[in-house]
Amino acid sequence: MKDIDLIRYSRPARAGAGRRSRSIKIANTLLLLLLAISTAALVLILYVSGILSKFQYDDQFTQDDAALGVYKSYEDRITNIALFGVDQRGNESSRSDSIMVMTIDGKNNKVKLSSFMRDSRVEIEGHGLDKLGHAYMYGGPELAVKTLNQNFKLDIRNYVTVNFSQLADIVDAVGGVEIEVKDYEVKQLNKLIRDQRSLGINGTEIASAGLQTLDGPQALAYARIRKVGNGDFERTDRQRQVLQSIFNKALSLKPLEYPRAANMILPHVTTSLSLNECLGFAGILSQNGVKMEDLRFPLKKDYKGSGTAMIGGISYVVFDIEATADSVHQFIFDDINPEEEPATADAAKE
């Protein structure tokens, strides 16, 4: 029965009843519209939840509060997540080839990538002074995150791990990445593309240097280049370039492209982040005007000597740990680029 009929039969018609009837019709129409919108939103949430549930959720991960080492006050809207890239085959233990901290800075509407040299000589609980990348091999993501927290006095409570062999699928999911390939990188990049074919990762060699869109196998080979240029220093820069390009391409995707991309990416991700946390961060990252910044640590100004040293026959990156922790905090929490001169940094903030 229509709403107007309910009105008519509930009481006698009187002056103004027509206006009330029209008002009730409008109100009912708005309620139905709101209900439809709410239902559509619920369906969308359930659909997105179904996609997000495809990642490998690590519900056993813990980080003891006593291990957190923040020594400066910071905003609640700043969240740090450890990102690990491993080159793992099967269930073998693997060191982390790529070590980054992704900062979601809701205060300044930024995403920051802090890349840490895997050969950095740091204290690893139970193992003494060793390479930062070995922490993941010794104790998985828990020890790797604890090592970052203890040495750089951070507050990381969650992590994301991606196997580098799966990076190709992630790059293809966003339609490739824009990379400026240098002349001296071409030969090594093509060699790695050929080497990857034995792993079932089939790619086409590139013809020349310059700005180009690399597909998944090409981007994976690019991120693995190490034996040219400045060795591992440039390697971490390449990895950041690939990740930053993935992020930029993901932000440029059209909404109808999200499901396909998510279905391709998420099965390759292991994380301690819950579904609700992922949805919350997705909301922040989808906002217009989000900026992305990145730095590699330790900074050159914080090196000891040349920044590398042979100790016990092993090559390490050596640096002032306290000065580096301070530089990391300036970048993450204070929104200051510690590579810039103070006057320059202050002017940029104004």
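None of the figures in this text is laboratory data; all of them are computed from the coordinates on show. Just so we're clear, the structure is a prediction, and the values are computed from it rather than from any experiment. Cβ atoms come from the backbone with ideal geometry, glycine included; neighbour counts cover every protein chain shown.
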Task: Potential lengthening between Glu125 and Asp59 on full extension [0.36 nm per residue; Cα-Cα distance subtracted] - done: 21.5 nm
TODO: Please give the contour-minus-distance gain from Glu339 to Tyr184: 0.36 nm per residue of separation, less the Cα-Cα distance, rounded to one decimal in nm.
DONE: 53.1 nm
Open item on the list: Test of understanding: what is the full-extension gain from Arg260 to Ser315, defined as 0.36 nm times their sequence separation minus their Cα-Cα distance?
Closed with: 15.5 nm
Task: Violating pairs (Cα-Cα greater than 24 angstrom) within the set Lys112/Lys249; Lys107/Lys301; Lys112/Lys187; Lys227/Lys300; Lys153/Lys304; Lys107/Lys254 - done: Lys107/Lys301; Lys112/Lys187; Lys107/Lys254
Open item on the list: Sorting check: for 77-85, 143-151, 127-135, which peptide has the highest mean count of neighbouring beta carbons within 10 Å, and how do the rest follow?
Closed with: 143-151, 77-85, 127-135
Open item on the list: Let's test the formula: R0 of 41 Å, r as the Cβ-Cβ distance of Asp237 and Leu68. What FRET efficiency results, to the nearest 0.05?
Closed with: 0.90
Task: Whole-angstrom gap from region 244-268 to region 148-194, using each part's C-alpha centre - done: 16
TODO: Write down, largest first, the equivalent ellipsoid semi-axes of region 56-349 in whole Å, where each equals the square root of 5 times an eigenvalue of the alpha-carbon gyration tensor.
DONE: 27, 24, 21
